[in-house]
Amino acid sequence: MPVIAALRGDFMGNALAKMWTDRAEISEERPRSAPVVVAVNIPCKLYWGSGAPVEKGDFPAVSEAVSVNAKLFLAADIEVKAGSKISVTRGTRTFVFSRSGEPLVFTKHQEIPLALERRYA
């Protein structure tokens, strides 16, 4: 069953998280089956950076460089495996990221590098 952020008590104690107005849905690939949604309606913040592009090798199963530098901030206790597909909704727009990188986990939050799905890049 997917994690539903509205039921999580730890979110309210994180001052940083109060600025997170975006919502994420996280899916994982499973062998010989369709992707499985593991978390929905997760409060987060999508950051569009201006740094260097993501190079191949930064993400599992990505064979080309990606020209978008995006990062997702969310609660530290949400498990996000490298290679997950993540959809982020901001207002009325939804951005789909084909692969997530290895999360950098801190005490109250984590930062996850993202590869924008090819239809956007």
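FYI, it's all coordinate maths here, none of it is from the lab. For clarity, every value in this text was computed on a predicted model and none was experimentally measured.
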Per the rule of 0.36 nm per residue minus the C-alpha distance, extending residue 33 to residue 79 adds in nm 14.5 nm
Multiply the residue separation of residue 107 and residue 47 by 0.36 nm, subtract the distance between their alpha-carbon atoms, and state the gained length in nm to one decimal. 19.7 nm
